[in-house]
Amino acid sequence: MPELRKTPMLDQLLDGPFPSFVKEIKKGAEKNEACNDLLGQLELSYEEKITHWKHGGIVGVTGYGGGVIGRYSDVPEQFPGLTEFHTMRINQPAGWFYKTDRLRKLLDIWEKRGSGLTNFHGATGDIILLGTHTNELQNVADDLAHEGWDLGGSGSDLRTPSACVGPGRCEWACIDTLDIVDTLTRRYQNELHRPMWPYKFKIKISGCANDGVAAKARADCSIIGTWKDNIQVNRTEVVNYVNGGFDIIGQVVDKCPTKCISYNPVTKSLSIDDNNCVRCHNCINKMPKALRQGKINGATILIGGHAPILQSAFMSWVVVPFMEMKPPYTEISDLLEKIWEWWDENGKMRERTGELIYRLGMRSFLKATGLPAVPQMVLHPRANPFFFWDKEEVNQ
Amino acid sequence: MVKTDFGPPKYLDMMSDLCKRNYGKWKYHEVLDTGTLVHVAENGEKLYTVRSATPRLMHIDTLRAFCDLADKYCNGFFRFTSRHSIEFLLEDESNIEPLKADLHAMGYSPGGVGNTISNMLHTQGWIHCHTPAIDASGIVKAVMDGVFDYYTEAKLPARLRLSLACCLNMCGAVHCSDVAIVGIHRVPPKVLDEKVAKMCEIPNVVAACPTRAIRPEPSKKSVVINDEKCMYCGNCYTMCPAIPIFDPKNDGAAIFVGGKVSDARHPAMFSKLAVPYIPNEPPKWPTVVQTVRMLIDVYAKDAKQGERYGEWINRIGWERFFKVTGLPFTDKHIDDYIFSIPTFRSTATFKW
Ligand code: HEM
Ligand code: HEM
Ligand code: HEM
Ligand code: HEM
Ligand code: SF4
Ligand code: SF4
Ligand code: SF4
Ligand code: SF4
């Protein structure tokens, strides 16, 4: 074992109250050459203000096209431990729940066959195992498979879907986010593991409008729980909140975006004009004991979200205002499959679903999916007269 | 032959009996302090959660130590959040304080619940990615140290979400966070003609450019870049390694503010540009840290109770925002990308 790399710059990140990632790499460096070299290379990046990871290089595991991301140092002569330092994405259990005996097995495998460094979790949701050799990739995958851990997605495929904690520990989940993500993940193993699309496709599922997994911002298909009927009001608890000094006017009544809540201080009663409620969730967030969502639950399906490259950042937009989410979730699967088929046929290389819809128009998307146009899809109708008609729609 | 395509471990196998018993039957929750929540089920059973930020990059020995704590206090169960925080799930209230003490001893402070800053969402940076303009973990460590009191003490008007993406690929919900740091380049990539000819598919490289700044150069079997049109997104580099875009003298961070993903009160919002450029200053990025601290201090002081960062700005207006923060407003703040005109003001009803 060579001696530990000197890292005067990184060492300045050891102190302070927030846990230090440098300490984590150092833990690894004491027993693993790659971690020690990672310290060295990172220190070099700190001196030169530039990354030292080489671009590209395809590596993988038999039977899979995704799940492994090739990584090579561009200065391997200085840091031989990083000549190959590939990332493996491991499909996380829904909601990121762990039981220690199962997790320990994964950690043991990574101790034996990799750097020992991890990300809990990557931004996409998977467990990220950081850094192993090409000739270990298959072994890691095999050992993990033996313990019931499968790879996630990478490349032009369905990326590992993820979901908020949902009914596992949240009273606000309008839909069973965990069962949905688990079911869809299992159903689409082929799409997840074998890149064959124009580009990546992400599914994220949040149980309510609070959108705990930022589905609207970063999923091509965002599934957000909601309800159709009236908010349930517990009158006694309303009184308790008010008697406890809670600023019901300032925090709830005034903050309601549609001004559909009123509070009568004399009778101490709260009333909601549910016809005008947009289910934004603020009042429920503020008075969890007094207010509950309605009982007719389902999800709003939104499509097209992604980060700025290429066509600027899109937040995903409504395509199905309300979908019942009952097992086996056939309706969402039917929709997804239609979308994928249309995208696969029409998408250019590296064109996300939202960008394709933008290029070909919602008209084309609605035709391909058979979804009806409804007012919930727009903030307002168009303000220009430049619209297209299909041949069938006009008198020949 | 090992099995393939069997999917993730079943989540129910990873949950305690208490969680399984009360699955979908939670009644309400309360914030006990900035590191602790309690969820109460319809049958009256209680589940306590102790949350702590992690550095995301963790060695297996740290995870093993977490497993030890979970075995000791939580019957072997814990979970992570979408922002890289760990949550210990306790059934016995009397275990909360001992668990917290053990976490502190490990260097992990519970926090991030309620009107605090929760853990900072971030990406890979110089540790493991080939396209970053800035580091990730190092900046996050420095920023979180600089705002740590907002993580442990509930003294903000509302939740505040910090995030960082080390390049414009933005592998995090950066574009919808209250305060977001984004790595940017400021000069066009360099075209290494000989390598391009050998390594790259010219039509793909040309098609990769969102601003059509790239043309083929058939005589060299390479491409040329029109510097005027390039806005340094680095997408061509992702397609073709022979067009490196890194420049230690010019790369750095931009800061965006006012985004959110929750639809509560006001619909989700994109974050908007506050600071166009701060140079890379490893190892502790003092200017980034000071700027983020200032942006949060001003908001903490000025916003009304319950107002998220973007809601506060919407109320006071952007012209006021630049005044109260003292940040200079520049031509970079005026959009000139594709759909910029709708962001221009078409009314004379503004503030001085
Ligand atoms: C070979 C090329 C690429 C590699 C190796 C790569 C690597 C990664 C990695 C490792 C992550 C997970 C980040 C994490 O650890 O949390 C990620 C996420 C992401 N990447 Fe890339 N990336 C590549 C190209 C791109 C490109 C070209 C784009 C956009 C045009 C992009 C956009 C994103 C986004 C938006 C996310 C995650 C956002 C989310 O979590 O929803 N990536 N990428
Ligand atoms: C430093 C890099 C960039 C960041 C951090 C960024 C982030 C953002 C953010 C936060 C918004 C929302 C602003 C708002 O709603 O007013 C936005 C809007 C926009 N961005 Fe970017 N962006 C970047 C670069 C780009 C690039 C490369 C493109 C094009 C490829 C682009 C095109 C747009 C457009 C057209 C909008 C307006 C969208 C709309 O009208 O809703 N931006 N961007
Ligand atoms: C295709 C859609 C549109 C059509 C057909 C249209 C048509 C017109 C017409 C005929 C007028 C003249 C009214 C008059 O004689 O007093 C007008 C005025 C005007 N339009 Fe539009 N318009 C369209 C879209 C827009 C848009 C998108 C905007 C702004 C973003 C806009 C802003 C104005 C303004 C500012 C005036 C002048 C009002 C005034 O001088 O009092 N129009 N438009
Ligand atoms: C196909 C689309 C359009 C057609 C065929 C059209 C046609 C016309 C016609 C025939 C006039 C009357 C000219 C006159 O008084 O002699 C006119 C006036 C006008 N149009 Fe349009 N227009 C169109 C779109 C627009 C749009 C999109 C706008 C605004 C965004 C616009 C703004 C105006 C304005 C402001 C006038 C009044 C000009 C004035 O009175 O000085 N037009 N247009
Ligand atoms: S998104 Fe809604 S249902 Fe999901 S964890 Fe957050 S508050 Fe609960
Ligand atoms: S959910 Fe939102 S819109 Fe509906 S009553 Fe509550 S605050 Fe108002
Ligand atoms: S944001 Fe960019 S540099 Fe950072 S991890 Fe993602 S692709 Fe890599
Ligand atoms: S960096 Fe982006 S804008 Fe510049 S040439 Fe490359 S693809 Fe085009």
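The values are calculated or read from the model by the stated rules, or taken from the named source; none is laboratory data. Every value quoted in this text rests on a predicted model; they were computed, and no experiment measured them. Reconstructed Cβ throughout: ideal geometry from the backbone, glycine too, with neighbour counts over all protein chains shown. Note: accessible area is taken over every heavy atom of the protein model, side chains too, but ligands, DNA and RNA are not part of it. Shrake-Rupley method; radii C 1.70, N 1.55, O 1.52, S 1.80 Å.
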(Q) Test of understanding: among A:Ser206, A:Ser262, A:Ser271, which residue is within 16 Å of ligand 1 (Cβ to nearest atom), of a type in the set (S, T, N, Q) and more than 8 Å from chain B (Cβ to nearest Cβ)? (A) A:Ser206
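Residues A:Ser271, A:Ser312, A:Ser262, A:Ser316: which one is in contact with a strand residue (DSSP E or B) (Cβ under 9 Å, 6 or more places away or on another chain) and at pLDDT below 95? Spell out how you get there, then give the answer.
Working: A:Ser271 fails: at pLDDT below 95; A:Ser312 fails: in contact with a strand residue (DSSP E or B) (Cβ under 9 Å, 6 or more places away or on another chain); A:Ser262 fails: at pLDDT below 95.
Of A:Ser271, A:Ser312, A:Ser262, A:Ser316, the one residue that is in contact with a strand residue (DSSP E or B) (Cβ under 9 Å, 6 or more places away or on another chain) and at pLDDT below 95 is A:Ser316.
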Q) Got a number for residues in segment A:11-39 being open to solvent by 10 Å² or more (accessible area, probe 1.4 Å) and either assigned to a helix (DSSP H, G or I) or acidic (Asp, Glu) (or both)? A) 8
Q. From the residues in segment A:72-99 that are open to solvent by less than 10 Å² (accessible area, probe 1.4 Å) and among the β-branched types (Val, Ile, Thr), which one is modelled with the lowest pLDDT?
A. A:Thr87
Q: Can you tell me which residue among A:Gly116, A:Gly152, A:Gly131 is within 7 Å of chain B (Cβ to nearest Cβ), in contact with an Asp or Glu (Cβ under 9 Å, 6 or more places away or on another chain) and surrounded by 24 or more Cβ atoms within 10 Å (Cβ to Cβ)?
A: A:Gly116
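At least 3 residues that are at pLDDT 95 or above in each: list the helices (runs of 4 or more DSSP H) lying fully within segment A:137-232 that qualify.
On the way: elements: A:177-187, A:189-193, A:215-218.
Because the criterion is at least 3 residues that are at pLDDT 95 or above, the helices (runs of 4 or more DSSP H) in segment A:137-232 that meet it are A:177-187, A:189-193.
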Q) in a strand (DSSP E or B), of a type in the set (S, T, N, Q), within 16 Å of ligand 7 (Cβ to nearest atom) and surrounded by 21 or more Cβ atoms within 10 Å (Cβ to Cβ) - does that describe any residue in segment B:165-183? A) no
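Mind telling me which of the residues B:Lys284, B:Lys304 ends up being closer than 26 Å to A:Leu10 by Cα, within 11 Å of another protein chain (Cβ to nearest Cβ) and open to solvent by 60 Å² or more (accessible area, probe 1.4 Å)?
On the way: B:Lys304 fails: closer than 26 Å to A:Leu10 by Cα.
After ruling out the rest, the residue left standing is B:Lys284.
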**Q.** In segment A:274-302, residue farthest from ligand 8 (Cβ to nearest atom) [restricted to those that are more than 14 Å from every other protein chain (Cβ to nearest Cβ) and in a strand (DSSP E or B)]
**A.** A:Gly298
**Q.** Members of segment B:270-299 that are within 15 Å of the chain's Cα centre (by Cα) and among the small types (Gly, Ala, Ser)
**A.** B:Ser271
Q: Considering (1) touching a Leu at 6+ places or on another chain (Cβ under 8 Å); (2) away from ligand 8 (no atom under 15 Å from the Cβ), say which one B:Glu194 fails and leave the rest.
A: (1)
Q.
So, A:Ala123, is that one within 15 Å of ligand 1 (Cβ to nearest atom), more than 18 Å from A:Ile332 (Cα to Cα) and in a helix (DSSP H, G or I) or not?
A. no
Q.
Taking the criterion of being in a loop (DSSP other than H, G, I, E, B), open to solvent by less than 50 Å² (accessible area, probe 1.4 Å) and at pLDDT 95 or above, would at least one residue in segment B:256-270 satisfy it?
A. yes
Q. Applying the selection to segment B:201-233, what residues are part of a loop (DSSP other than H, G, I, E, B) and either loosely packed, with under 13 Cβ neighbours inside 10 Å or within 11 Å of chain A (Cβ to nearest Cβ) (or both)?
A. B:Glu201, B:Cys209, B:Pro210, B:Thr211, B:Arg212, B:Asp227, B:Glu228, B:Met231, B:Cys233
Q: Would you mind telling me which numbered condition in (1) free of Cβ contacts under 8 Å to residues at least 60 places away in the same chain; (2) within 16 Å of ligand 2 (Cβ to nearest atom); (3) assigned to a loop (DSSP other than H, G, I, E, B) B:Cys236 fails?
A: (3)
Q. Does any residue of segment A:198-206 turn out to be in contact with a Pro (Cβ under 7 Å, 6 or more places away or on another chain) and over 18 Å from B:Phe80 (Cα atoms)?
A. yes
(Q) Looking at segment A:155-177 only, could you name the residues that are open to solvent by 10 Å² or more (accessible area, probe 1.4 Å) and away from ligand 5 (no atom under 16 Å from the Cβ)? (A) A:Gly155, A:Ser156, A:Arg159
Q.
Go through (1) away from ligand 2 (no atom under 16 Å from the Cβ); (2) assigned to a helix (DSSP H, G or I); (3) away from chain B (no Cβ under 14 Å) for A:Ile357 and report which single condition fails.
A. (1)
Q | In segment B:327-348, residue farthest from ligand 1 (Cβ to nearest atom) [restricted to those that are away from every other protein chain (no Cβ under 14 Å) and without any contact (Cβ under 8 Å) to a residue 12 or more places away in the chain] | A | B:Ala348
**Q.** Residue check, B:Val140 away from ligand 1 (no atom under 16 Å from the Cβ), of a type in the set (Val, Ile, Thr) and open to solvent by less than 10 Å² (accessible area, probe 1.4 Å)
**A.** no
Q) Listed residues A:Asn119, A:Asn210, A:Asn139, A:Asn190; which is touching a Ser or Thr at 6+ places or on another chain (Cβ under 8 Å) and either at negative phi or free of Cβ contacts under 8 Å to residues at least 60 places away in the same chain (or both)? A) A:Asn210
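Check whether at least one residue in segment A:306-314 is assigned to a loop (DSSP other than H, G, I, E, B) and either on the phi > 0 side of the Ramachandran plot or more than 16 Å from ligand 7 (Cβ to nearest atom) (or both), and report yes or no. So that I can check it myself, show each step before the final result.
Step one: list which residues in segment A:306-314 are assigned to a loop (DSSP other than H, G, I, E, B), which gives A:307-313.
Now restrict to residues that are either on the phi > 0 side of the Ramachandran plot or more than 16 Å from ligand 7 (Cβ to nearest atom) (or both): A:311-312.
Yes, segment A:306-314 has at least one match.
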Q) Going through segment A:270-293 one residue at a time, which ones are over 32 Å from the mean Cα position of the chain (by Cα) and surrounded by 14 or more Cβ atoms within 10 Å (Cβ to Cβ)? A) A:Leu270, A:Ile272
Q | In segment B:126-139, residue farthest from ligand 6 (Cβ to nearest atom) [restricted to those that are part of a helix (DSSP H, G or I) and within 8 Å of chain A (Cβ to nearest Cβ)] | A | B:Trp126
**Q.** Among (1) closer than 30 Å to B:Lys20 by Cβ; (2) facing another protein chain (nearest Cβ under 7 Å); (3) open to solvent by less than 20 Å² (accessible area, probe 1.4 Å), the one test that A:Gly67 misses
**A.** (2)
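Listed here are the residues, each with its yes/no results for (1) surrounded by 16 or more Cβ atoms within 10 Å (Cβ to Cβ); (2) at the interface with chain A (Cβ under 7 Å from one of its Cβ atoms); (3) of a type in the set (A, V, I, L, M, F, W, C).
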{"residue": "B:Arg21", "(1), (2), (3)": "no, no, no"}
{"residue": "B:Tyr28", "(1), (2), (3)": "yes, yes, no"}
{"residue": "B:Val38", "(1), (2), (3)": "yes, no, yes"}
{"residue": "B:Leu47", "(1), (2), (3)": "yes, yes, yes"}
{"residue": "B:Ser52", "(1), (2), (3)": "yes, no, no"}
{"residue": "B:Pro55", "(1), (2), (3)": "yes, yes, no"}
{"residue": "B:Ala65", "(1), (2), (3)": "yes, no, yes"}
Q: Hey, could you check segment B:242-258 for residues that are touching a residue at least 60 places away in the same chain (Cβ under 8 Å) and within 19 Å of A:Asp74 (Cβ to Cβ) and say which is farthest from the other protein chains (Cβ to nearest Cβ)?
A: B:Ile245
